[in-house]
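Visitor: Here you go, one structure.
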Amino acid sequence: MLSQNFMLEQDPLSLERIRSILVRLEDTIIFDLIERAQFAHNPKIYIRGSFPELKDMGFEGSWLEWFLKEIETFHAKARRYTSPDEYPFTCNLPEPVLKPLSFPKILYPNSVNANPSILSFYTRSIVPRITRRATLALATIKRANGIVGDDEFEDDGNYGSAATIDVEVLQAISKRVHYGKFVSESKFADKPSAFIPHILKPNRAALEALITKPEVELRLLQRLRKKAATYAQDFAPDGEAIAGSHLNGNAKIDVDGVVELYENYIIPLTKEVEVDYLLHRLDGMSEEEIDELSKQ
Ligand SMILES: O=C(O)C(=O)C[C@]1(C(=O)O)C=C[C@@H](O)C=C1
């Protein structure tokens, strides 16, 4: 079986293996979004300074940033961020308590990190979109109970639950997007001579054209729509999907929203990471080394 375990894989740069991980991460991302969609938008948790309790403890960021800092502090101690496919959202994290694993050297040393963009599009675009249904349901309940005030409708008070799932979604998207580095390394290793001229004379458009595979993207979006539509349904105790349970606003997740998330953010950002990685792929190499690579 193709795995995500770098310590076990014979050929970590096989494009088939890397793509199989991207496919599996689709499931993780869809399920995490379904979990997040259970709760209202809760915009307060993304705004710095809206929790005086955090300020009192000397923390200046938002509620979500506090969650990220605390969770990543713990995970850093368990050496999560020494793995080549894990990237933290916060900095100044503690050292691991265990000695490092000696991962095989797969990626060329680089400092490409797309997490600031991921955090920004997730909080500004994704959360409001996928929580719309929970927010509307809350509005109905509050109106029926005579509670008015539009901003109240977005807030169900589940700040801990919402932020816990936010961290999971962010980590899954981050892993997915940064897998772009492995895709790039695999494509580069396959034919360095195709890439080298556009790295030496930096040309983003040419590099992007080289890594873009429209048929792979199309298949991905079709598969994703089917998966999201399946998981959006309810299932009877015997495991049969309940007909129509994903219609008339009852779907567990906004299927179009999931597809748009991939089409407009996740795939473009993965490609950006791929190109950024390539642009630094020859950093620190001598002319002789580059000449040698160009022959391949
Ligand atoms: O599978 C690849 O070849 C990738 O580069 C990954 C990916 C994606 O984000 O899913 C990105 C660019 C390609 O056009 C196709 C798919």
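Yes or no, residue by residue, for (1) open to solvent by less than 50 Å² (accessible area, probe 1.4 Å); (2) at pLDDT 95 or above:
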{"site": "I71", "(1), (2)": "yes, yes"}
{"site": "F74", "(1), (2)": "no, yes"}
{"site": "K77", "(1), (2)": "no, yes"}
{"site": "Y87", "(1), (2)": "yes, yes"}
{"site": "R132", "(1), (2)": "no, no"}
{"site": "T135", "(1), (2)": "yes, no"}
{"site": "T140", "(1), (2)": "no, no"}
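Visitor: Next question. How many residues are open to solvent by less than 40 Å² (accessible area, probe 1.4 Å) and assigned to a loop (DSSP other than H, G, I, E, B) if we restrict to segment 14-38?
Guide: Residues in segment 14-38 being open to solvent by less than 40 Å² (accessible area, probe 1.4 Å) and assigned to a loop (DSSP other than H, G, I, E, B): 2 in total.
Visitor: Whether any residue in segment 249-258 is open to solvent by 60 Å² or more (accessible area, probe 1.4 Å) and either without any contact (Cβ under 8 Å) to a residue 40 or more places away in the chain or within 11 Å of the ligand (Cβ to nearest atom) (or both) is what I want to check.
Guide: Yes, segment 249-258 has at least one match.
Visitor: Quick test of your reading of the structure: R176 fulfils all but one of (1) surrounded by 15 or more Cβ atoms within 10 Å (Cβ to Cβ); (2) more than 9 Å from the ligand (Cβ to nearest atom). Name the failing condition by number.
Guide: Of the numbered conditions (1) surrounded by 15 or more Cβ atoms within 10 Å (Cβ to Cβ); (2) more than 9 Å from the ligand (Cβ to nearest atom), the odd one out for R176 is (2).
Visitor: Looking at segment 47-57, can you tell me whether even one residue there is under 20 Å from the mean Cα position of the chain (by Cα) and either open to solvent by 30 Å² or more (accessible area, probe 1.4 Å) or within 16 Å of the ligand (Cβ to nearest atom) (or both)?
Guide: No; the residues of segment 47-57 include none that is under 20 Å from the mean Cα position of the chain (by Cα) and either open to solvent by 30 Å² or more (accessible area, probe 1.4 Å) or within 16 Å of the ligand (Cβ to nearest atom) (or both).
Visitor: Related question: Quick check, is V167 at pLDDT 95 or above, part of a helix (DSSP H, G or I) and within 11 Å of the ligand (Cβ to nearest atom)?
Guide: The answer is no for V167.
Visitor: Just to be sure before I move on: is F67 closer than 18 Å to I173 by Cα, of a type in the set (A, V, I, L, M, F, W, C), part of a helix (DSSP H, G or I) and open to solvent by 50 Å² or more (accessible area, probe 1.4 Å) in the structure I sent? Walk me through how you get there before you give the answer.
Guide: Details: closer than 18 Å to I173 by Cα: yes; of a type in the set (A, V, I, L, M, F, W, C): yes; part of a helix (DSSP H, G or I): yes; open to solvent by 50 Å² or more (accessible area, probe 1.4 Å): no.
Taking the combined requirement at face value, the residue does not satisfy it.
Visitor: In segment 205-226, how many are charged (D, E, K, R), more than 14 Å from the ligand (Cβ to nearest atom) and surrounded by 12 or more Cβ atoms within 10 Å (Cβ to Cβ)? Walk me through it before giving the result.
Guide: Restricting attention to segment 205-226, the residues satisfying the condition of being charged (D, E, K, R) are 208, 213, 215, 217, 219, 223, 225-226.
Retained after the next criterion (residues that are more than 14 Å from the ligand (Cβ to nearest atom)): 225-226.
Adding the requirement that they be surrounded by 12 or more Cβ atoms within 10 Å (Cβ to Cβ) leaves 225.
Residues flagged as charged (D, E, K, R), more than 14 Å from the ligand (Cβ to nearest atom) and surrounded by 12 or more Cβ atoms within 10 Å (Cβ to Cβ) within segment 205-226 amount to 1.
The values are calculated or read from the model by the stated rules, or taken from the named source; none is laboratory data. The structure presented is a predicted model; accordingly, all values stated were derived computationally and were not measured. Quick reminder, even Gly has a Cβ in these numbers, built from the backbone with ideal geometry, and neighbours come from all protein chains shown. Surface accessibility is based on the protein's heavy atoms, side chains included, excluding ligands, DNA and RNA. Shrake-Rupley method; radii C 1.70, N 1.55, O 1.52, S 1.80 Å.
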